[in-house]
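The values are calculated or read from the model by the stated rules, or taken from the named source; none is laboratory data. Here the structure is a predicted model, which means the values were calculated and not measured. Here the Cβ is made from the backbone with ideal geometry for all residues, glycine too, and neighbour counts use every protein chain on show. Accessible surface is based on the protein model in full, side chains and every heavy atom, while ligands, DNA and RNA are left aside. Shrake-Rupley method; radii C 1.70, N 1.55, O 1.52, S 1.80 Å.
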Amino acid sequence: GLYQMLGSQVTLIEAQERLLPGFDKETAKRLGAIFTQKGIQIVLKNTFEKVKKSDKAITAVLSNGEKISAEVLLVSVGREFQSQDIGIETIGIKTGKGAISVDASLRTNIPSIYAIGDVTGRNLTAHAASHDGIVAVENILGNKMEVSRWVPRVVFTTPEAASVGANEEELKKKGISY
């Protein structure tokens with residue numbers, strides 16, 4: 001949304017069948033409609049098969065065979081936790097699938113060491129890391145506190161999209177009324 005507001009023609013490529021796959025369908029649908037109204041082209045269920053750069057343009061071939069040329073290509077795909085090569089193995093901190101293992105108070109298997117944020121692999125967002133920091137400090141100070149499952153998810157675009165807790169589809173799958 002920002003690049004479009006600054007005057008760029010924007011094409012958004014999404015591999016999933018809709019925008020914001022972890023969000024409620026209605027939120028994703030509404031954001032897509034707003035993007036379309038603003039002139040942003042949205043291509044769903046597609047990935048990049050090939051990208052070529054020349055002196056004049058970047059050309060991407062999508063999985064549907066469509067070619068798109070642009071001056072700039074911004075790739076923003078996924079997040080991963082950052083627990084590699086930080087020395088945890090030398091002091092015996094337990095990990096699981098590369099993430100530092102923590103309990104609900106964010107304590108590792110070594111009682112005097114806590115871990116917060118992306119290295120825990122729990123919730124790879126700035127909001128979760130900020131919350132984790134508060135929880136860890138409260139526990140270090142002797143106040144019992146556990147991480148909340150009610151940490152918001154936010155997509156920083158125009159307009160912003162945010163949610164807290166399970167979405168409608170998740171609740172339906174679990175048979176929980178909402």
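Could you tell me the relative contact order of the chain? Use alpha-carbon pairs under 8 Å, at least six residues apart, and round to a whole percent.
Computed value for the chain: 15 percent relative contact order.
Can you classify the range 130-172 as rounded, prolate or oblate using the Cα gyration tensor, where a ≥ b ≥ c are the square roots of its eigenvalues, rounded means a/c under 1.5, and otherwise it's prolate if a/b beats b/c and oblate if not?
In terms of gyration-tensor shape, oblate.
Report the Cα centroid-to-centroid distance between the range 130-178 and the range 5-31 in angstrom, as an integer.
Spelled out, the Cα-based centre of one part sits 22 Å from the other.
Which percent of the accessible area of the chain is formed by carbon and sulfur heavy atoms (probe 1.4 angstrom)?
Percent of accessible area from carbon and sulfur atoms in the chain: 52.
May I ask you to list the GluC sites (Glu not before Pro) in the range 3-82 that are in a DSSP loop and have at most 14 other Cβ atoms within 10 Å of their Cβ?
Taking the range 3-82 and a limit of 14 other Cβ atoms within 10 Å, the loop GluC sites (Glu not before Pro) found are E17, E66, E71, E80.
Who wins for biggest fluctuation among K144, K97, K25 in a Gaussian network model of the chain, springs between alpha carbons below 10 Å?
Of K144, K97, K25, the most mobile in the Gaussian network model is K97.
Can you give me the orientation-averaged projected area of the convex hull built on the Cα atoms of the chain, in nm²?
So the Cα hull casts an average projection of 14.3 nm².
What is the percent of Cα-Cα separations in the range 1-85 that go past 22 Å?
Of the Cα pairs, 35 percent sit more than 22 Å apart.
Relative contact order for the range 104-178 using alpha-carbon pairs under 8 Å, separation at least 6, rounded to a whole percent?
Contact order relative to length: 22 percent.
Could you do me a favour and compute the accessible area per residue for the range 43-125, 1.4 Å probe, result in Å²?
Per residue, the range 43-125 has 70 Å² of solvent-accessible surface.
For the range 19-60, what does the alpha-carbon gyration tensor say about shape, rounded, prolate or oblate, given a ≥ b ≥ c as the root eigenvalues, a/c under 1.5 as rounded, and a/b over b/c as prolate?
Because a/c hits 1.5 or more and a/b fails to exceed b/c, the range 19-60 counts as oblate.
For the pairs K52/K97; K50/K97; K67/K173; K25/K174; K67/K172, flag any whose C-alpha to C-alpha distance is greater than 28 Å.
The pairs that break the limit, which is 28 Å between Cα atoms, are K52/K97; K50/K97; K67/K173; K67/K172.
Helix 126-140 against the longest principal axis of the chain: what's the angle in degrees, Cα atoms only, rounded to the nearest 10?
Its long axis makes an angle of about 10 degrees.
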